Amino acid sequence: MNNLDKLITLFESFPGVGARQAKRFAFHVLTMNDVDVADLSQLIATIKSSVVECDSCHRFFSKNGGDASLCSICSASNREHDRLLVVERDSDIQAIERAGVYNGLYFVLGGTVPLLRSADNEKLRAGALKATVQARLPEGLSEIILGFSINPDGENTARFIESVLNPILTESPVKISHLGRGLSTGSELEYADAETLKNALKNRY
């Protein structure tokens with residue numbers, strides 16, 4: 001396999017990228033000038049050393065030369081630390097922050113539990129979420145919002161997370177809520193517009 005084929009195969013392994021799009025990406029790289037190609041390769045080579053995972057919410061953030069273990073959201077004193085919104089991936093946080101409709105904290109689960117492949121729950125951060133909730137109970141945690149996409153996998157994941165958390169919340173006033181139907185069935189949270197996200201959070205149940 002030559003280098004071009006290797007690059008196409010690599011792009012094709014990216015989430016949501018098909019064979020045709022992978023080829024377009026690879027041939028686009030060939031049309032870039034040498035400076036841009038060098039910048040791109042440098043960024044890829046250093047990204048894992050300059051971006052780290054937050055110890056609290058598990059989203060990725062840029063260290064910016066510092067040694068901080070918490071991202072800017074988790075370390076902000078003006079956030080509502082009594083609310084925790086559990087989402088599938090980092091991009092969901094970006095969508096919600098852009099909408100400006102939520103001021104609490106987050107937890108990135110790292111995926112969903114597909115309806116027909118329950119074994120995939122082993123890849124998720126369910127244990128870390130349980131530990132996070134237990135640590136925050138004495139600090140006044142009042143609500144856990146399950147912010148998953150409104151589709152079968154998202155709803156199956158919500159049920160799984162409830163089964164993990166319910167045993168430690170039996171004698172607690174903490175409420176577990178779900179995003180309201182401002183989100184249409186089958187929609188991806190990442191691509192929802194600001195008004196839809198606002199309604200989904202406002203109408204959570």
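None of the figures in this text is laboratory data; all of them are computed from the coordinates on show. This structure is a prediction, so every number in the text was calculated from the model and none was measured. When we count neighbours, we look across all protein chains shown, and the Cβ atoms used for this are built from the backbone with ideal geometry, even at glycine.
Count of segment 39-83 residues, restricted to those that are of a type in the set (A, V, I, L, M) and part of a loop (DSSP other than H, G, I, E, B), is 4.
Out of all the residues in segment 91-108, is one or more among the acidic types (D, E) and closer than 22 Å to L165 by Cβ?
From segment 91-108, those among the acidic types (D, E) are 92, 97; that's our starting set.
Adding the requirement that they be closer than 22 Å to L165 by Cβ leaves 92.
For segment 91-108, residues among the acidic types (D, E) and closer than 22 Å to L165 by Cβ: present.
Within segment 73-97, can you find the residues that are of a type outside the set (K, R) and over 23 Å from G111 (Cα atoms)? The answer is S75, A76, S77, N78, E80, H81, D82. V35: part of a helix (DSSP H, G or I) and surrounded by fewer than 12 Cβ atoms within 10 Å (Cβ to Cβ), yes or no? It is true that V35 is part of a helix (DSSP H, G or I) and surrounded by fewer than 12 Cβ atoms within 10 Å (Cβ to Cβ).
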